[in-house]
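Taking it in order: structure first as structure tokens, then the write-up.
The values are calculated or read from the model by the stated rules, or taken from the named source; none is laboratory data. Quick caveat: nothing in here was measured; it's all calculated off a predicted structure. In this analysis, Cβ positions are derived from the backbone assuming ideal geometry, glycine residues included, and neighbour counts consider all displayed protein chains. Only protein heavy atoms, including side chains, enter the accessible area calculation; ligands, DNA and RNA are left aside. Shrake-Rupley method; radii C 1.70, N 1.55, O 1.52, S 1.80 Å.
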Amino acid sequence: MEYLDFELPIKELEEQLDKCVLIGQESDVDVTDTCKQINEKLEEVKKNIYGNLTSWQRVQLSRHPSRPYTMDHIRALCGESFLELHGDRGFKDDKAMVGGLGKIGGQSFMVIGQQKGFNTKTRQFRNFGMANPEGYRKALRLMKMAEKFGIPVLTLVDTPGAYPGLEAEERGQGEAIARNIFEMMRLKTPIVTVIVGEGASGGALGIGVGDRVFMLENTWYSVISPESCSSILWRSWEFKETAADALKLTSTDMKQNGLIDEIIPEPLGGAHFDRETTFKNVQKAVLGALEELKGLSTQELINQRMEKYCNMGVYNE
């Protein structure tokens, strides 16, 4: 288990607890009371730390290397029913964007999301979850296929942003993302979006237009990352914590500002501490949202989606 800097008190207590248990196993000394006291202290420290996380600490949790990625969610939600589909039928298959058909709780979905990779080799293979234009065009192709057959769409967002390379710009990165937003707005099938990790910039918006948008508790969603914001405003990454607070990028901030619909709770310590509970919470939210959307006609669905996004940013002085 890897620990973040603010989790070091937890690491120390867990090491003490392990030593205490080991002493009890290797000797005749009764350490039951001591272990109980350490365990109680550990739970207290966990509740105190995770109950008072700063915006920057939530950003760190969203990037935790042990956190479940998109393919982990897909395997847990769809099991062996998932059939991955490849290619944009124009340039190539973007490995940073995955998608395909699968069943969740007996209901067919077209599942699309960004995959980062879990080690150096797979991260390079997946381009760190930063999709090229062909990735967004593949996503749109799959959405149009889902629309044709009346299958709801589930998008799982986890990206530090769309790939900013020269070749991506040459192939129309901006146009691809804009086209996705335009087409998703009028897609004739329900769309459920879940932010499962990082939701940065247009890279997230390219598959983020949903009838229902959920965020896992320790994720973030913003026009720019705290580090990039800090480097632009202060010419240094040292102010990333200040930038994270100012950006209002946490799930709580997004819910308060009416930019998402609901927050999906995570186990104490984050999704990586109890993956099964996290997957169950995501499945419950997705199927619950679809149940609400099923009763709407196609025109009502599109009208509500358009109204939802047109109302964002509107305020009275």
- Search the stretch 265-275 for residues being in a helix (DSSP H, G or I) and in contact (Cβ under 8 Å) with a residue 40 or more places away in the chain, and hand back the single one that is farthest from VAL153 (Cα to Cα). HIS272
- Message: For the list (1) in a helix (DSSP H, G or I); (2) farther than 30 Å from ARG75 by Cα; (3) without any contact (Cβ under 8 Å) to a residue 12 or more places away in the chain; (4) open to solvent by 70 Å² or more (accessible area, probe 1.4 Å), I need the number of the one condition that MET306 fails.
- Response: (3)
- Could you list, in sequence order, the residues of the stretch 241-264 that are within 23 Å of GLU307 (Cβ to Cβ) and part of a strand (DSSP E or B)? GLU262, ILE263
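Residue check: is LEU53 surrounded by 16 or more Cβ atoms within 10 Å (Cβ to Cβ) and either in a loop (DSSP other than H, G, I, E, B) or not hydroxyl-bearing (Ser, Thr, Tyr) (or both)?
Numbers: surrounded by 16 or more Cβ atoms within 10 Å (Cβ to Cβ): yes; either in a loop (DSSP other than H, G, I, E, B) or not hydroxyl-bearing (Ser, Thr, Tyr) (or both): yes.
Answer is yes for this residue.
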- Looking at the stretch 84-102, which of its residues are among the acidic types (Asp, Glu) and surrounded by 21 or more Cβ atoms within 10 Å (Cβ to Cβ)? ASP88, ASP94
- From the residues in the stretch 190-212 that are among the charged types (D, E, K, R) and within 21 Å of GLN304 (Cα to Cα), which one is most open to solvent (accessible area, probe 1.4 Å)? ARG212
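Confirm whether GLU292 is without any contact (Cβ under 8 Å) to a residue 12 or more places away in the chain, exposed (fewer than 15 other Cβ atoms within 10 Å of the Cβ) and in a helix (DSSP H, G or I). Quick ask: steps written out before the conclusion?
Values: without any contact (Cβ under 8 Å) to a residue 12 or more places away in the chain: no; exposed (fewer than 15 other Cβ atoms within 10 Å of the Cβ): yes; in a helix (DSSP H, G or I): yes.
Taking the combined requirement at face value, the residue does not satisfy it.
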- Among residues of the stretch 115-133, those that are surrounded by fewer than 24 Cβ atoms within 10 Å (Cβ to Cβ) and either touching a residue at least 40 places away in the same chain (Cβ under 8 Å) or assigned to a loop (DSSP other than H, G, I, E, B) (or both), counted: 6
- Task: Look at PHE109 and say whether it is under 25 Å from PRO190 (Cα atoms) and touching a helix residue (DSSP H, G or I) at 6+ places or on another chain (Cβ under 9 Å).
- Result: yes
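Within the stretch 28-35, identify whether any single residue is open to solvent by less than 60 Å² (accessible area, probe 1.4 Å), over 27 Å from PRO265 (Cβ atoms) and touching a strand residue (DSSP E or B) at 6+ places or on another chain (Cβ under 7 Å), and answer yes or no.
Initially, the stretch 28-35 is screened for residues open to solvent by less than 60 Å² (accessible area, probe 1.4 Å), giving 31, 35.
Filter again for over 27 Å from PRO265 (Cβ atoms), leaving 31, 35.
Among the residues that remain, those that are also touching a strand residue (DSSP E or B) at 6+ places or on another chain (Cβ under 7 Å) are: none.
Checking the stretch 28-35: not a single residue is open to solvent by less than 60 Å² (accessible area, probe 1.4 Å), over 27 Å from PRO265 (Cβ atoms) and touching a strand residue (DSSP E or B) at 6+ places or on another chain (Cβ under 7 Å).
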- Task: Answer yes or no as to whether LEU187 is within 12 Å of the chain's Cα centre (by Cα) and open to solvent by less than 20 Å² (accessible area, probe 1.4 Å).
- Result: no
- Query: Inside the stretch 96-114, can you point out the residues that are in contact (Cβ under 8 Å) with a residue 40 or more places away in the chain and within 20 Å of the chain's Cα centre (by Cα)?
  - Reply: ALA96, MET97, GLY99, GLY100, LEU101, ILE104, PHE109, MET110, VAL111, ILE112, GLY113, GLN114
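Please work out if VAL29 is more than 20 Å from LYS280 (Cβ to Cβ), outside any helix (DSSP H, G or I) and β-branched (Val, Ile, Thr).
Values: more than 20 Å from LYS280 (Cβ to Cβ): yes; outside any helix (DSSP H, G or I): yes; β-branched (Val, Ile, Thr): yes.
In short, yes.
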- Restricting the search to the stretch 255-282, which residues are within 14 Å of ARG212 (Cβ to Cβ) and either of a type in the set (A, V, I, L, M) or open to solvent by 60 Å² or more (accessible area, probe 1.4 Å) (or both)? LYS255, LEU259, ILE260, GLU262, ILE263, ILE264, VAL282
- Item | Residue pairs meeting the criteria (Cβ under 6 Å; at least 6 apart or on separate chains; first touching a residue at least 60 places away in the same chain (Cβ under 8 Å) and in a helix (DSSP H, G or I), in the stretch 217-231; second small (Gly, Ala, Ser) and crowded, with 21+ Cβ neighbours inside 10 Å) | PRO226/ALA243; PRO226/ALA244
